[in-house]
Amino acid sequence: MMHINTDYFQIDDLLTEEHKLVRQSVRDFVNQEIKPVIDQHAHEHTDIPGLMQKLGAIGALGPYIPEKYGGAGLDQISYGLIMQELEAGDSAVRSSASVQSSLVMFPIHQYASEEQKMKWLPKLASGELIGCFGLTEPNHGSNPAGMETKFVDKGDHVVLNGAKMWITNSPIADIAVVWAKDEAGDVRGMVVERGMEGFSAPETHNKWSLRASKTGELVFENVKVPKENIFPNIKGLKGPLSCLNSARYGISWGVIGAAIDCYETAVKYSLERTQFGKPIGAFQLQQKKLAEFLTEITKAQLLCWRLGTLKNEDKASPQQISMAKRNNVKMAIDIARESRQILGGMGIVGDYPMMRHAANLESVITYEGTHDVHLLITGMDITGINAFG
């Protein structure tokens with residue numbers, strides 16, 4: 001099998017042996033369990049059976065959560081590398097792991113009581129429980145401060161009303177981390193459990209993107225939530241936004257995997273496909289594309305490695321994470337589209353991953369903060385002037 005170098009600036013020299021072992025184990029899992037079946041699931045709009053338990057078994061769920069709570073106790077670069085390898089398989093697989101890790105396990109670990117942590121984290125880490133994250137609403141996406149989901153205090157429980165939308169894994173989730181406003185208008189986090197009366201999670205159909213995972217809504221109609229399900233240690237938008245920082249960080253690594261999958265496919269095809277008596281890789285325009293792909297992948301790798309180092313030191317700012325998410329997703333979607341052209345008509349069929357990655361990345365460029373909003377976050381950091389809101 002041909003080896004294609006995608007580590008052009010020898011970033012592997014900056015990784016530990018543990019980092020490389022983690023990456024290889026997830027890569028092997030993706031090659032064995034995901035790549036052989038992903039095209040069929042994307043075509044049929046079905047999720048991969050038992051995916052969360054499989055991800056739990058390889059330590060891909062909440063890998064930076066301490067071992068005490070069922071996590072692997074790994075660092076942030078390991079988390080990034082896991083996301084990269086999963087997204088080389090498919091964005092839907094990475095999204096499922098990312099939601100479970102950064103949007104469900106992260107807030108429980110950060111803001112929950114010890115009892116809440118012991119109750120939920122080990123089962124989330126193993127994939128026995130599937131979680132989802134309720135922040136975005138039908139009327140409020142980029143402006144979470146406008147949320148309309150509210151709860152009122154009823155003594156030993158609260159009563160929750162409202163709706164959330166575009167929720168990865170909601171139709172199959174056992175628990176939902178939900179952000180809602182209390183009577184004072186403060187945003188609080190809580191765990192809503194499947195089976196609570198008045199709680200439903202209808203599936204969103206007809207997606208052209210992320211077709212190998214379930215997306216849905218969360219609907220709360222007078223749902224009684226016990227007070228012991230409310231996070232005691234967080235109030236305000238800092239809670240959900242800190243989760244998004246972790247998820248955005250994982251995405252900035254993840255999309256490199258999609259880009260590399262497209263790049264490697266394009267290189268191989270360009271050397272095998274002949275036109276006008278020579279491989280198409282011998283033509284200048286094809287070489288230009290391939291050289292640009294590798295350059296952009298390399299820049300994204302350096303950005304992520306540095307960001308992961310800062311994150312390990314607890315120094316990564318939300319604005320830095322925002323820049324990496326925006327840059328890297330744009331890089332990946334551009335490579336998916338352009339590499340598709342190298343394959344000509346073959347690029348649209350499921351034997352090759354480009355169209356699937358390109359379609360998936362249309363969601364990734366919008367979720368966890370849209371491409372434009374991330375641009376304005378950087379603009380605000382530069383000028384000190386808020387151009388949105």
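Side notes on the structure shown:
- For the chain, with +1 on Lys and Arg beta carbons and -1 on Asp and Glu, the positive-most of Leu160, Trp179, His205 along the dipole: His205
- Average accessible surface area per residue within the range 127-262, 1.4 Å rolling probe, Å²: 38
- With all protein chains kept in place, the per residue accessible area of the range 276-387 amounts to 51 square angstrom at a probe of 1.4 angstrom.
- The range 1-91, relative contact order in percent, only Cα pairs under 8 angstrom and at least six apart counted: 33
- Start at zero, step by 5 Å, and the Cα-Cα distances of the range 278-389 spread as 2, 11, 16, 17, 18, 13, 10, 6, 4, 1, 0, 0 percent across the bins.
- Here the accessible area is traced with a 1.4 Å probe on the protein chains. For the chain, carbon and sulfur cover 53 percent of it.
- In terms of its C-alpha gyration tensor, the range 200-243 comes out oblate, because a/c is 1.5 or above while a/b does not outweigh b/c.
- Calculated SAXS-style log₁₀ I(q)/I(0) at q = 0.16, 0.17 Å⁻¹ - the range 120-261, Debye, Cα scatterers: -0.89, -1.00
- Residues whose amide H lies under 5 Å from that of Gly134, counting only those 5 or more places away or on a different chain, are Val177, Val178, Trp179; hydrogens are built 1.01 Å from N in the peptide plane.
- Calculated from the alpha-carbon coordinates, the range 62-133 shows an Rg and a Dmax of 11.7, 36 Å respectively.
- Principal axes of the range 21-98: Cα extent on each, largest first, Å: 38, 21, 17
- Size descriptor, Kirkwood hydrodynamic radius, that averages inverse alpha-carbon separations across the range 236-294, Å: 13.9
- For the range 92-202, the alpha carbon positions stretch 36, 31, 26 Å along the principal axes, listed from largest to smallest.
- Student exercise, the chain dipole from Lys, Arg, Asp, Glu Cβ charges, in Debye to nearest 20: 560
- Cβ-derived FRET efficiency at R0 25 Å, His3 paired with Ser25, nearest 0.05: 0.85
- Gyration tensor verdict on the range 179-298 (Cα atoms; rounded if a/c is under 1.5, prolate if a/b is larger than b/c, oblate otherwise): prolate
- With the simple spin-label model, which puts each label point 7 Å out from Cα in the Cβ direction, the Thr383 to Glu228 separation comes to 5.2 nm.
- Across the range 175-181, rounded Karplus estimates of 3J(HN,Hα) from the backbone phi angles (6.51 cos²θ - 1.76 cosθ + 1.60, θ = phi - 60°) give 9, 10, 7, 10, 10, 8, 8 Hz, Gly and Pro being marked x.
- Cα gyration tensor category, rounded, prolate or oblate, for the range 134-175 with a/c compared to 1.5: oblate
- Accessible area per residue in Å² at 1.4 Å probe, computed on the range 5-91: 45
- Build a GNM of the chain with springs between Cα atoms under 10 Å apart, and of Pro138, Pro318, Pro122 the one that fluctuates most is Pro138.
- The alpha carbons of the chain stretch over 79, 46, 40 Å along the principal axes, in descending order.
- DSSP beta bridge pairing in the chain, given as percent antiparallel to the nearest 5: 85
- Most positive-pole-ward Cα, Ser322, Gln110, Gln76, against dipole of the chain from beta carbon charges: Ser322
- Cα centre as origin, Lys/Arg/Asp/Glu Cβ charges: the range 79-132 dipole, Debye: 140
- Model label points for Ala145 and Asp13, set 7 angstrom from Cα along the Cα-to-Cβ axis, are 4.7 nm apart.
- Based on Cα atoms of the range 1-47, Rg over Rh with Rh as the Kirkwood radius reads 1.13.
- Ratio Rg/Rh [Cα only; Rh per Kirkwood] for the range 267-308: 1.22
- Here the chain is scanned for trypsin sites (Lys or Arg not before Pro) in DSSP loops (not H, G, I, E, B) that have at most 12 other Cβ atoms within 10 Å, and the longest stretch holding none of them is 155-314.
- 10 Å Cβ shell holding at most 13 others, DSSP loop, GluC sites (Glu not before Pro): longest site-free stretch of the chain: 1-127
- Simple Cβ-charge dipole of the range 160-317, Lys/Arg +1 and Asp/Glu -1, about Cα centre, in debye nearest 20: 620
- Here the sum of -39500 (n - 2.57) over DSSP H runs of 4 or more residues, divided by the residues of the chain, equals -15000 deg cm²/dmol at 222 nm, to the nearest 500.
- With contacts taken as Cα pairs under 8 Å and at least 6 residues apart, the range 270-353 reaches a relative contact order of 24 percent.
- Model label sites at Phe283 and Leu241, defined 7 Å from Cα along the beta-carbon direction, differ in position by 5.0 nm.
- Its relative contact order, with pairs defined as Cα atoms under 8 Å and 6+ residues apart, puts the range 122-195 at 33 percent.
- Added length on full extension, which subtracts the Cα-Cα distance from 0.36 nm per residue, Lys35 to Val159: 40.3 nm
- Percent of C-alpha pairs per 10 Å bin, the range 340-381, short to long: 27, 31, 24, 15, 2
The values are calculated or read from the model by the stated rules, or taken from the named source; none is laboratory data. Computed from a prediction, not measured in an experiment: that's the story for all the values here. No Cβ is skipped: glycine too gets one built from the backbone with ideal geometry, and neighbour counts run over all protein chains shown. Quick note on the areas: whole protein, heavy atoms, side chains included, nothing else; ligands and nucleic acids left out. Shrake-Rupley method; radii C 1.70, N 1.55, O 1.52, S 1.80 Å.
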